[in-house]
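The values are calculated or read from the model by the stated rules, or taken from the named source; none is laboratory data. The structure displayed is predicted, hence computed values, not measured ones. Backbone-built Cβ (ideal geometry, glycine too); neighbour counts: all protein chains shown.
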């Protein structure tokens, strides 16, 4: 249905219900001549007379009465649904889909979301664990969580976590048989626990920096995982060295379950950001969620 037909039907319903061009024109905020022109155009396209006009009154013809009965209530339903949408402006509600790594979901999203979800029971959140650099628009996500340096330039990025550091760790039982690496290049002689990145299908190269020196080391070992928690568990069991977020390893370092190496090669870097398309029309629920996740130092 063309926009002209919709506008003319709305005009017809106003005239048929008010039984007056004057009152209908006032209700619609248009001139009587414009309203009369719309009616003539609709009748011409349908090849039917819809209104009987006299000098004193306007009334629907038999065809007009049928159109009023069959179409009128449908427009009323549409108006009712549009009015119902006002609830979304007044009360945050709806489902928000977010893609994130398991570490970001466990340490950043979940602690903050628990407060929001308890206070706003009509907000639903779906979190999909994914290490790939997902196209959130193509995959139907509302937002994604990634490290600041991984966020595309055409996205809005909101910082939701502090700076991070990575840590190379291994169990005392592992170091009982191996000498600790002194330089990142020494890792090629060690049994390392790898992380597979689904976006490119390859193994993540461990990244190091010291002063002006930046290195990426492709390590090898018996085990490959696609999740950080599993890598840490394997390191705790003595199966090799793992490259994991510092605060994930810290409780085990404090209890001497793990030993850290190459610490001076692991400087801080930009932490996690929530990102979403710049053209996204934010709902009250999404705006509330962004504010709740925002990192405030």
(request) Just give me the residues in the stretch 225-242 being touching a residue at least 24 places away in the same chain (Cβ under 8 Å) and out of contact with any helix residue (DSSP H, G or I) (no Cβ under 9 Å at 6 or more places or on another chain), in sequence order. (result) 226, 231, 234
(message) Being surrounded by 13 or more Cβ atoms within 10 Å (Cβ to Cβ), within 47 Å of the chain's Cα centre (by Cα), assigned to a helix (DSSP H, G or I) and touching a residue at least 60 places away in the same chain (Cβ under 8 Å) narrows it down to one residue among 35, 42, 13; which is it?
(response) 13
(message) Quick test of your reading of the structure: residue 287 fulfils all but one of (1) surrounded by fewer than 18 Cβ atoms within 10 Å (Cβ to Cβ); (2) touching a helix residue (DSSP H, G or I) at 6+ places or on another chain (Cβ under 8 Å). Name the failing condition by number.
(response) (2)
(request) Return yes when residue 22 is in contact with a helix residue (DSSP H, G or I) (Cβ under 8 Å, 6 or more places away or on another chain) and exposed (fewer than 13 other Cβ atoms within 10 Å of the Cβ) and no when it is not. (result) yes
(message) Looking at residue 276 and the list (1) touching a residue at least 24 places away in the same chain (Cβ under 8 Å); (2) part of a loop (DSSP other than H, G, I, E, B); (3) over 23 Å from residue 186 (Cα atoms), which single condition is not satisfied?
(response) (2)
(request) Can you give me the number of residues within the stretch 136-155 that are in contact (Cβ under 8 Å) with a residue 60 or more places away in the chain, out of contact with any helix residue (DSSP H, G or I) (no Cβ under 7 Å at 6 or more places or on another chain) and farther than 24 Å from residue 243 by Cβ? (result) 6
(message) Conditions first: (1) touching a residue at least 24 places away in the same chain (Cβ under 8 Å); (2) farther than 30 Å from residue 7 by Cα. Residue 121 passes all but one, so which condition is the exception?
(response) (1)
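Table: residues versus (1) more than 27 Å from residue 234 (Cβ to Cβ); (2) out of contact with any helix residue (DSSP H, G or I) (no Cβ under 9 Å at 6 or more places or on another chain); (3) at pLDDT below 90; (4) part of a strand (DSSP E or B).
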position: 114; (1), (2), (3), (4): yes, yes, no, no
position: 134; (1), (2), (3), (4): no, yes, yes, no
position: 157; (1), (2), (3), (4): yes, no, no, yes
position: 174; (1), (2), (3), (4): no, no, no, no
position: 178; (1), (2), (3), (4): no, no, no, no
position: 182; (1), (2), (3), (4): no, yes, no, no
position: 187; (1), (2), (3), (4): no, yes, no, no
position: 208; (1), (2), (3), (4): no, no, no, yes
(message) Being under 23 Å from residue 219 (Cβ atoms) and surrounded by fewer than 20 Cβ atoms within 10 Å (Cβ to Cβ) is the filter here; which residues of the stretch 131-163 pass it?
(response) 132, 133, 147, 149, 150
